[in-house]
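Please treat every number below as a calculation from the coordinates, not as lab data. None of the values given here were measured: they were computed from a predicted structure. Cβ atoms come from the backbone with ideal geometry, glycine included; neighbour counts cover every protein chain shown.
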Amino acid sequence: LAFRPGLIALGQGGAAAVRRVAEVMQHGAAAGLQVLCFTSGPGGRWPTAASCAELASRRAHMVRELLAQAGCTCIIIPVGKGYADERGPRCELVVCGAREASREVAALASSAPPAGRPLRVDFAPPAGAGAGA
């Protein structure tokens with residue numbers, strides 16, 4: 001899954017990819033799915049490592065909500081990694097078994113978006129279809 005640069009919005013093809021993942025997970029025996037979101041380095045609207053971690057967390061929670069809305073019934077564990085390496089912004093989906101899902105669920109509450117800051121879910125138009133970020 002790709003995101004629009006600097007936004008909590010999926011890029012082109014994101015909605016279709018979420019639907020495909022949800023469909024596959026409905027037919028699998030996996031107990032859980034980790035949603036690991038990464039950002040590029042600090043800059044622009046996200047000038048610090050902490051703000052990059054917040055962006056990644058909000059993206060991971062958005063993906064969790066979209067997967068649930070698309071019918072994914074397994075445990076979905078959102079993890080915002082922030083800027084972790086030179087590979088750049090991305091969302092990695094990792095299937096996990098029952099034991100690992102149980103361990104991760106205990107930490108789920110601590111990764112919730114900050115109180116008072118509602119999660120906004122946007123599907124961005126394809127690149128070139130509007131003003132860039």
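Annotation: amide H-H contacts under 5 Å for ALA9 (H modelled 1.01 Å from N, sequence separation of 5 or more, or interchain): ARG4.
Sort the following peptides by mean Cβ neighbour count (other Cβ atoms within 10 Å, averaged over residues), highest first: 61-72, 42-53.
Details: 61-72: 19.0, 42-53: 14.4.
The most tightly packed comes first, giving 61-72, 42-53.
The slack in the chain from VAL24 to THR73, taken as 0.36 nm per residue of separation less the alpha-carbon distance, amounts to 16.6 nm.
Using θ = phi - 60° in the Karplus curve 6.51 cos²θ - 1.76 cosθ + 1.60, the 3J(HN,Hα) couplings for region 3-19 round to 10, 5, x, x, 10, 9, 8, 5, x, 4, x, x, 5, 5, 5, 4, 4 Hz; x is entered for Gly and Pro. Placing R0 at 35 angstrom, the Cβ-Cβ distance between ALA31 and ALA84 gives a FRET efficiency of 0.90 after rounding to 0.05.
What FRET efficiency do you get for ALA16 and ALA50 if R0 is 25 Å and r is their Cβ-Cβ distance, rounded to the nearest 0.05? Step by step, r from the Cβ atoms, then E = 0.15.
The percentage of C-alpha pairs in region 12-110 whose separation is greater than 19 Å is 43%.
Given their separation in residues at 0.36 nm each and the Cα-Cα distance between them, LEU7 and ARG99 gain 29.8 nm when the chain is fully extended.
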